[in-house]
Amino acid sequence: MNIDHQWKDKVVLVTGGASGMGRDLSLALARAGARIVIGNRNPALGQAVIDEITNTGGQAVFQVTDISKAEDCETLVQFALNTYGRLDAAFNNSGIQREFGCMHETSIEDISDTIDVNLKGVLYLMKYETAAMLKNGGGSIVNNASIFGLKGMPNTPEYIASKHGIVGATRAVALDYAKQNIRVNAICPGPIKTPGYDRVTGGDDHMYDDGVPMHRIGQLYEVTSAVIWLLSGQASYVTGTILSIDGGMSAE
C-alpha cells in the first residue's frame, strides 16, 4: 500500500513515541512525509527518535509529556499547533503496567497510577485533540487499548479496568464527533514484539505462543500498518471500531 501521497505534511501526534509501537509508527509516517509530534516522559529516548527522523530529512519535534497530567496533555497539543499550525491525526499510545497481583494485594499507588496514565491520560488527550481537530475541519484518533480491553486476565485488575475503559471511551467519543468529521477508533493488540514485551518475557519470543491461535507473537509492522489504515482516509467510514490485532485471541 502506497501511503505517501496522503500523508505529506499532515501533522500527527504520537504519545509513547519513543519506543515500541509508537516509535515504529512515527518512523513510518515520517518516511511518508508526515510531520510528527512526539510526547514522551523520557527526554533522551524521545530526542533519539526525533534525531533519527530529522537526520533522514523528515520533520519531527518532541515535548516531554506525562499524560497523567491534564496540563501536560494540553501543552502537548498546543505545542503541535504552535509548531505546525494544525493537528490531523493522533495515536494515543502511552501506557503502563504495574506488578501482577490479586486485588487485595494491589497497592493504592498502583491502582491510581495505572488509571491516571492509561485511562485518564487518554481522556485528557482526546479532550484537547478533538478541540484542535475541530478548528481544521476534522481528523482521526486511534487509541491503544489492549487485547485485555476485551477480555479478562488474572492478577492485574487495575490494568484490565483501564483498558476496558479506553474501549468504552473510544466508542463514546466517536459518537460525539461522528457528524463533525472526527473519527475515533481503538486497537487491541495481543502480544507484540516490543521492548516492553522483552522486559516481561526476558526476550523469549515464544513464551505466549500457546495462548495465541496463530501460535506466534505479533511484529511491530503488523500494528503500524493497521494504525496507519485507521488514521488514513482509506478508513473514512470507520469510527467507533475496536480493532483486534491479536493473532485470533479475541475470537476464542
Practice task
Would you mind stating whether residue 135 is of a type in the set (D, E, K, R) and more than 22 Å from residue 158 (Cα to Cα)?
Solution key: yes
Problem - Every residue from the stretch 1-26 that is surrounded by fewer than 24 Cβ atoms within 10 Å (Cβ to Cβ) and closer than 22 Å to residue 78 by Cα - result: 7, 8, 9, 10, 11
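Yes/no matrix, rows are residues, columns are (1) modelled with pLDDT under 95; (2) under 16 Å from the mean Cα position of the chain (by Cα); (3) under 25 Å from residue 242 (Cβ atoms); (4) not in a helix (DSSP H, G or I):
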position	(1), (2), (3), (4)
61	no, no, no, yes
72	no, no, no, no
90	no, yes, yes, yes
101	yes, no, no, yes
127	no, yes, yes, no
130	no, yes, yes, no
Exercise for the section: Examine the stretch 124-145 for a residue that is farther than 22 Å from residue 84 by Cβ and surrounded by fewer than 24 Cβ atoms within 10 Å (Cβ to Cβ), and state whether such a residue exists. Expected result: no
Problem - Whichever residue in the stretch 147-165 is touching a residue at least 40 places away in the same chain (Cβ under 8 Å) and β-branched (Val, Ile, Thr) and, among such residues, is nearest to residue 244 (Cα to Cα) - result: 147
Problem - Residue match in the stretch 5-17 (condition: under 19 Å from residue 141 (Cα atoms), part of a loop (DSSP other than H, G, I, E, B) and not charged (D, E, K, R)) - result: yes
Handout entry: Residue identified as touching a helix residue (DSSP H, G or I) at 6+ places or on another chain (Cβ under 7 Å) and part of a loop (DSSP other than H, G, I, E, B) among 26, 68
Key = 68
Fill in the blank from the handout: For residue 96, the lone unmet condition from (1) of a type in the set (A, V, I, L, M, F, W, C); (2) within 14 Å of residue 156 (Cα to Cα); (3) in a helix (DSSP H, G or I); (4) within 18 Å of the chain's Cα centre (by Cα) is (3)
Exercise for the section: Among the residues of the stretch 198-219, write down those that are surrounded by fewer than 18 Cβ atoms within 10 Å (Cβ to Cβ), hydrophobic (A, V, I, L, M, F, W, C) and either touching a residue at least 60 places away in the same chain (Cβ under 8 Å) or closer than 25 Å to residue 14 by Cβ (or both). Expected result: 200
Exercise for the section: Pick out, from the stretch 153-236, the helices (runs of 4 or more DSSP H) lying fully within it that include 3 or more residues that are at pLDDT 95 or above. Expected result: 157-176, 220-231
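The values are calculated or read from the model by the stated rules, or taken from the named source; none is laboratory data. The model shown is predicted, which means the values in this text are computed figures rather than measured ones. Methodologically, a virtual Cβ is constructed for each residue, glycine included, from the backbone with ideal geometry; neighbour enumeration extends over all protein chains shown.
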